[in-house]
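This report concerns only the one structure given below.
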Amino acid sequence: MSTLSQPFFPHVLLGAYLLGVLGDDEERTFTEHLAACSTCQRDLDAAQHLPQLLSLTDGANPSEDGRRQP
Ligand SMILES: [Zn+2]
């Protein structure tokens, strides 16, 4: 039985990992790969900031300038 590192398979799990749709075996495979893969770590970090950026945009308050003063 060979447990040679797979050259590309874990990388493609990143998207599914972010979506939380990995099975137990796949998630374990990916997390083990992630611990040793700076590329996936960087991609994961960048991807995890996207929802925050969207939230910041959504949380912008454009009404300040339009608010009436009594
Ligand atoms: Zn990777």
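No lab work stands behind these numbers, since they all come straight from the coordinates. Just so we're clear, the structure is a prediction, and the values are computed from it rather than from any experiment.
Expected output is a single nm value to one decimal: the length gained when fully extending between GLN48 and GLU32, i.e. 0.36 nm times separation in residues minus the C-alpha distance. What is it? Working shown, then result.
Details: separation 16, 0.36 × 16 = 5.76 nm, distance 1.86 nm.
Additional length available on full extension: 3.9 nm.
How long is region 9-55 along each principal axis, judged by its Cα atoms, biggest number first, in Å?
In descending order, the Cα extents are 32, 22, 13 Å.
Rounded to whole Hz and in sequence order, give me ³J(HN,Hα) for region 10-23 from the Karplus expression 6.51 cos²θ - 1.76 cosθ + 1.60, θ = phi - 60°, writing x for Gly and Pro.
x, 4, 6, 7, 4, x, 5, 4, 5, 7, x, 10, 6, x
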